[in-house]
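Below is one structure; the comments refer to it alone.
The values are calculated or read from the model by the stated rules, or taken from the named source; none is laboratory data. Everything numeric here is computed off the predicted structure, so don't read it as measured data. Please note: Cβ atoms are built from the backbone with ideal geometry, for glycine as well, and neighbour counts cover all protein chains shown.
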Amino acid sequence: MNDHLTRRNFLFYGGAAVAGVTLGQVARRQIAWADERAASRESGEERWAVSVCRECAASCGVQVRLIDGRPVKLEGNPLCPVSRGRLCAKGQAAVEAYYDPDRLTGPAKRIGPHGSGTWQRISWEEATSLLAARLKSTAGRPGEVLAVAAEETSPAADVWQQVWRAAGARVHSTTGATAGRLRERWAALTGIAADPSFDLEHASYVLSFGAPVVEDWLSPLWTQRAFGRFRRSSGRPRGRLVQVEGRKSLTARKADEWIAVPADRQVVLVYGIAAVLLRENRIDREALRPYLRNLNDFEQAVTTRFTPDEVAAATGVPVVTVLRLARDLVSAERPLVIMAADASRELVDAALALDMLLGAFDRPGGIHAATPPVFTPQTAGADAPDTGAAPRVIVFRDSAEFRSLATTPDLEPALNTADLVVSFSPFLDEAASVADLLLPTHTALESWHAVVPATCVPGQMMAIARPVTPPALETRDLIEILKTVSDMVGGPMAAACTWPSSEALVGDQLARLAATHRGGPYTSIYETEWMQQLERGGWWTAAAATEEGIGDAIATAGGWADPYFEAGQIRRRLAELGGCSFPAPPVLPSAPLSPVILDSLHPLQMETFVPVGVNRLGSPNQPVLFELLGQPEARPWGPWVELSPETARTVDVATGEHVQVESASGALEASVVIVEGMPPGVVALAFVPAVPTGGRWAREIVRDVRSLAREDALRTGPVAVRIARV
Amino acid sequence: MARWGLVIDLDRCTACQACVVACKHENNVPFSTPATAAAGRLMTWIQLVAVETPSHGAPTALPLMCQQCDRPPCTDVCPTSATYLNPEGIVAQIYPRCIGCRYCTNACPYAVKLFNWHTPEWPESMAPLKNPDVSVRPKGVVEKCTFCHHRLMRAREQARADGRELSSEDYVPACVQTCPAEAMVFGDLDDPNSEVAVLAASSRAFRWMEELGTRPKVVYLREGE
């Protein structure tokens with residue numbers, strides 16, 4: 001990669017890339033051609049097929065309405081334990097990506113300088129040969145290849161990992177905001193190698209430390225339904241939600257009480273509450289004794305370090321509120337403490353400890369240990385050692401994750417020095433725009449699926465579905481591409497990829513599931529069955545007489561589920577271990593609250609947040625999601641900034657008007673939303689990136705929040721800014 | 001004959017806007033651009049609006065669509081009877097009759113009747129995305145939420161084909177079907193045993209701008225205890 005490319009100018013050139021390239025037009029013609037083929041029948045025949053939503057790790061089951069074989073609308077799959085017939089905004093918008101008029105029609109190689117937008121359509125033979133030849137020349141030398149993808153638990157992700165590790169690659173996975181992010185701290189506390197599963201639905205009082213409950217927490221659709229039922233269910237009192245969060249987020253607005261505490265101080269409040277419970281002797285010590293070894297040491301440390309006055313001084317929460325929160329928690333019938341998936345390890349430790357003090361483990365409305373999934377990743381081989389050398393070949397599986405990956409420090413320079421960057425994305429998005437070789441895979445509706453959904457219920461699941469429509473363009477199946485390339489390279493790579501296609505891989509997975517003689521196809525009686533499993537073990541539905549028949553039934557229903565889980569697993573495991581130990585609480589932080597240097601030119605502390613629906617690269621090919629931005633107060637289709645009433649008064653603006661936000665490195669116009677209760681001196685900016693390479697709708701977003709600071713700076717900490725009325 | 005109504009529990013609603021997307025796809029409502037949105041011409045039959053609701057201090061995001069009034073101000077002013085209250089309580093809109101005078105958009109206190117200032121357009125590749133059950137409205141006519149009336153017609157046809165009476169379970173609008181937090185309940189308000197009728201009679205129930213006497217059949221349940 002000799003052409004100099006910085007992140008900034010690739011964004012600039014990105015705009016030209018789409019405008020100059022013929023792929024968009026060809027794509028439109030080809031889709032129209034596919035449409036004509038389908039329309040030739042013109043019977044208006046309606047058909048429904050199941051698929052899996054791949055917009056996030058929740059992997060909800062979807063039903064696709066097909067008219068003459070063409071997808072018209074996505075609905076939730078009523079049989080799926082996660083979606084149960086419902087579907088979120090992002091999930092529904094996925095059908096727009098299928099019809100993206102700027103989709104890639106087939107493989108292409110870059111022929112001009114980087115970012116110039118000069119691509120040449122090539123054949124699949126040429127494309128795979130190009131990649132294979134380059135891989136051959138690395139000769140499996142460790143670290144010459146970097147493979148990046150979003151983390152997922154699936155047979156396809158296994159194959160991806162195995163193939164690239166066989167090529168001597170380092171395999172980089174990004175973790176989603178799922179319960180998997182809490183796995184390490186959960187295992188450290190309980191010794192259970194499975195995710196924690198939070199029973200929000202049956203809790204009566206939830207104290208949330210930054211958990212975006214109504215936005216996208218762990219498994220978003222599941223959480224939304226659980227929240228609805230937590231709030232209002234017949235026969236029990238309304239659930240009460242208290243949100244502890246620095247910003248007045250959607251969840252904070254929806255909560256019954258919002259307590260403004262920045263993320264780095266929330267841990268102090270948790271221990272402050274624990275200290276009150278211990279000091280006032282409001283916990284059941286006898287019940288805890290078999291499961292907790294260091295209660296006395298913990299009590300000593302917490303009660304001496306976290307006195308109400310000190311907690312109040314460190315967090316800004318009045319003493320009386322700290323005392324009230326503690327007393328409300330213990331007097332609630334089923335209290336539950338939850339945290340954001342990306343909370344610091346100290347906060348996760350503290351919140352889980354508080355849950356245990358409250359007796360929340362293994363009870364309805366508390367925390368269960370999810371059953372370890374029946375599918376365990378077959379991670380053959382290990383990552384090549386990090387030699388510090390820059391990779392020569394970089395391959396992206398999920399270009400949608402490019403943005404979060406780009407914040408890893410070594411990726412951006414590596415993009416500038418690598419010889420070959422390959423994108424497997426079906427879309428001409430940001431990752432594709434920095435690539436030298438485009439190997440577009442099928443979109444979700446054209447693909448086979450077998451994936452373990454993000455943990456949300458204690459039982460086990462695997463979402464499985466066939467393609468609902470044949471490929472509209474000359475895209476290929478990911479496993480097929482990997483197989484072709486591996487065979488060309490030969491050696492360990494060829495040995496690592498034994499599957500000819502995703503179809504074969506999913507077929508094998510179905511056979512394995514059938515052979516377990518556990519669980520069964522997704523079923524509408526799941527909920528009832530799940531409740532019954534609390535009392536009796538094992539469940540097997542005789543969906544068909546043969547294993548083939550069972551596999552067929554699973555793929556037709558959209559997945560496999562086994563609602564069985566071991567009730568009381570956490571306590572049993574802790575008893576076996578002779579109890580757990582709470583980690584030592586941290587020393588009360590004394591640093592000043594403002595981690596950013598403000599001056600007279602830039603007197604405001606700006607935080608950024610990612611609005612719901614923008615987590616997939618600004619959703620470049622789902623126009624409806626741009627319309628949802630900032631509703632109901634801000635203008636859609638662009639960034640907005642949240643101000644306290646005091647700050648708004650200083651520049652004389654009202655909600656809906658515009659301000660110029662200026663940092664030391666740039667400026668941006670954004671619409672204003674005034675938020676009551678927001679701390680003066682703090683502003684919050686919605687992270688709505690401009691994606692000039694993302695298709696016609698994404699190119700409409702011209703105000704890029706990254707003009708204010710580098711993306712990693714925006715994502716990791718506050719930035720000093722000033723605002724002026726436009 | 002049923003009198004169709006919708007209850008939205010604001011205590012459950014998470015303002016996720018899944019209903020907005022469901023409606024858009026179901027009813028062939030065209031996409032906007034930043035320019036059309038900035039001009040206040042965003043086409044959407046259901047939209048969140050920030051309102052002050054009873055006994056809740058902070059503004060609440062209220063999903064607002066045609067309130068299907070029993071005394072609709074819009075029908076009274078329509079010179080061509082393009083919009084009228086049908087026997088099942090749905091405020092219907094006959095597009096070929098509409099002359100685009102926009103009297104109804106002005107008369108509607110909820111501002112949920114939308115005028116087509118432009119010919120709706122979709123990219124060529126997106127043509128198949130359109131729902132064949134719903135006609136696309138041309139430039140110059142007014143459109144709005146119909147409680148997914150086409151779904152009612154389909155459900156009625158299906159019931160007839162099955163040789164049975166139409167039941168409430170046969171018919172739900174797209175927004176209700178998708179609502180992740182199960183905040184929307186649809187059904188026959190005249191059936192005292194229906195969930196929708198029971199909820200509409202709850203102490204939390206209120207109708208938006210009910211003081212105007214429009215008698216909406218969209219009923220909201222306020223947040224809080």
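Annotation: of all residues in region B:132-146 being in a loop (DSSP other than H, G, I, E, B) and either touching a strand residue (DSSP E or B) at 6+ places or on another chain (Cβ under 6 Å) or of a type in the set (Lys, Arg) (or both), the one that is nearest to B:Tyr95 (Cα to Cα) is B:Arg137. Contact map, region A:548-568: first residue within 14 Å of A:Trp448 (Cα to Cα), second residue part of a helix (DSSP H, G or I), Cβ cut-off under 7 Å, separation 6 or more or different chains; pairs are A:Gly551/A:Leu510; A:Gly551/A:Ala511; A:Gly551/A:Ala514; A:Ile554/A:Leu510; A:Ile554/A:Leu513; A:Ala555/A:Leu510.
Quick grid of which residues meet (1) among the aromatic types (Phe, Trp, Tyr); (2) within 14 Å of another protein chain (Cβ to nearest Cβ); (3) surrounded by 14 or more Cβ atoms within 10 Å (Cβ to Cβ):
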position: B:Val51; (1), (2), (3): no, yes, yes
position: B:Leu62; (1), (2), (3): no, yes, yes
position: B:Cys69; (1), (2), (3): no, no, yes
position: B:Thr75; (1), (2), (3): no, no, yes
position: B:Tyr95; (1), (2), (3): yes, no, yes
position: B:Ala111; (1), (2), (3): no, yes, no
position: B:Asn116; (1), (2), (3): no, no, yes
position: B:Pro128; (1), (2), (3): no, yes, yes
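A residue that is more than 9 Å from chain A (Cβ to nearest Cβ), more than 14 Å from the chain's Cα centre (by Cα) and at negative phi cannot be found anywhere in region B:17-25. Condition (residue is of a type in the set (Lys, Arg) and surrounded by 19 or more Cβ atoms within 10 Å (Cβ to Cβ)) applied to region A:254-262: is it met by at least one residue? Yes: one or more hits.
Selection over region A:81-116 of residues that are away from chain B (no Cβ under 13 Å) and farther than 30 Å from A:Thr128 by Cα gives a count of 1. All conditions but one from (1) out of contact with any Lys or Arg (no Cβ under 6 Å at 6 or more places or on another chain); (2) more than 14 Å from chain A (Cβ to nearest Cβ); (3) at pLDDT 95 or above; (4) not in a strand (DSSP E or B) apply to B:Tyr84; the one that does not is (4).
Would you confirm, using the coordinates I've provided, whether B:Arg160 is outside any loop (DSSP other than H, G, I, E, B) and either among the aromatic types (Phe, Trp, Tyr) or away from every other protein chain (no Cβ under 14 Å) (or both)?
Taking the combined requirement at face value, the residue satisfies it.
Each residue in region A:457-469 was checked for being part of a loop (DSSP other than H, G, I, E, B) and either without any contact (Cβ under 8 Å) to a residue 60 or more places away in the chain or crowded, with 19+ Cβ neighbours inside 10 Å (or both), and 6 of them qualify. When you check A:Leu288 against the structure, is it closer than 23 Å to A:Pro586 by Cα, surrounded by 19 or more Cβ atoms within 10 Å (Cβ to Cβ) and in contact (Cβ under 8 Å) with a residue 60 or more places away in the chain, yes or no? No, not satisfied.
Candidates A:Val330, A:Val348, A:Val302: the one that is at pLDDT 95 or above, surrounded by fewer than 22 Cβ atoms within 10 Å (Cβ to Cβ) and in a helix (DSSP H, G or I) is A:Val330. For region A:238-256, the criterion of being at pLDDT 95 or above, within 19 Å of A:Pro458 (Cβ to Cβ), of a type in the set (D, E, K, R) and touching an Asp or Glu at 6+ places or on another chain (Cβ under 7 Å) is satisfied by no residue at all.
Filter region A:682-705 down to the residues that are of a type outside the set (Val, Ile, Thr) and either within 12 Å of chain B (Cβ to nearest Cβ) or in contact with a His (Cβ under 8 Å, 6 or more places away or on another chain) (or both) and list them by number.
First, the residues of region A:682-705 that are of a type outside the set (Val, Ile, Thr): A:684-687, A:689-690, A:692, A:694-700, A:703-704.
The answer is A:Ala690, A:Gly695, A:Arg696, A:Trp697, A:Ala698, A:Arg699, A:Glu700, A:Arg703.
Looking only at region B:29-49, residues that are within 8 Å of chain A (Cβ to nearest Cβ) and either modelled with pLDDT under 90 or touching a helix residue (DSSP H, G or I) at 6+ places or on another chain (Cβ under 7 Å) (or both) come to 9 in all.
Yes/no per residue for (1) of a type in the set (Lys, Arg); (2) more than 10 Å from every other protein chain (Cβ to nearest Cβ); (3) assigned to a loop (DSSP other than H, G, I, E, B):
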position: A:Pro620; (1), (2), (3): no, yes, yes
position: A:Leu625; (1), (2), (3): no, no, no
position: A:Val641; (1), (2), (3): no, yes, no
position: A:Ala720; (1), (2), (3): no, yes, no
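Filtered by the rule that a residue be within 13 Å of chain A (Cβ to nearest Cβ), touching a Lys or Arg at 6+ places or on another chain (Cβ under 7 Å) and either assigned to a loop (DSSP other than H, G, I, E, B) or over 28 Å from A:Val62 (Cα atoms) (or both), region B:174-206 gives B:Cys179, B:Pro180, B:Ala181, B:Glu182, B:Ala183, B:Arg204. Quick one: would you say B:Arg151 is closer than 23 Å to A:Val95 by Cβ, within 15 Å of the chain's Cα centre (by Cα) and crowded, with 19+ Cβ neighbours inside 10 Å? Considered against the rule, which asks whether it is closer than 23 Å to A:Val95 by Cβ, within 15 Å of the chain's Cα centre (by Cα) and crowded, with 19+ Cβ neighbours inside 10 Å, B:Arg151 comes out as yes. The residues listed here are A:Ser234, A:Ser249; of these, the one that is among the hydroxyl-bearing types (Ser, Thr, Tyr) and in contact (Cβ under 8 Å) with a residue 24 or more places away in the chain is A:Ser249.
For region A:461-476, a residue qualifies if it is farther than 19 Å from A:Val50 by Cβ and not β-branched (Val, Ile, Thr), and the qualifying residues are A:Ala472, A:Leu473, A:Glu474, A:Arg476. All of (1) under 25 Å from A:Ala351 (Cα atoms); (2) buried (at least 22 other Cβ atoms within 10 Å of the Cβ); (3) not basic (Lys, Arg) hold for A:Ala127 with one exception: (1). Checked against the criterion of being within 25 Å of the chain's Cα centre (by Cα) and modelled with pLDDT of 90 or more, the candidates A:Leu405, A:Leu411, A:Leu438 yield just one match: A:Leu438. So, in region A:689-718, of the ones that are in contact with a helix residue (DSSP H, G or I) (Cβ under 6 Å, 6 or more places away or on another chain) and at pLDDT 80 or above, which residue ends up surrounded by the fewest Cβ atoms within 10 Å (Cβ to Cβ)? Among those residues, the one meeting the criterion is A:Glu700. For region A:298-316, the condition of being among the basic types (Lys, Arg) and closer than 27 Å to A:His202 by Cα holds for none of the residues.
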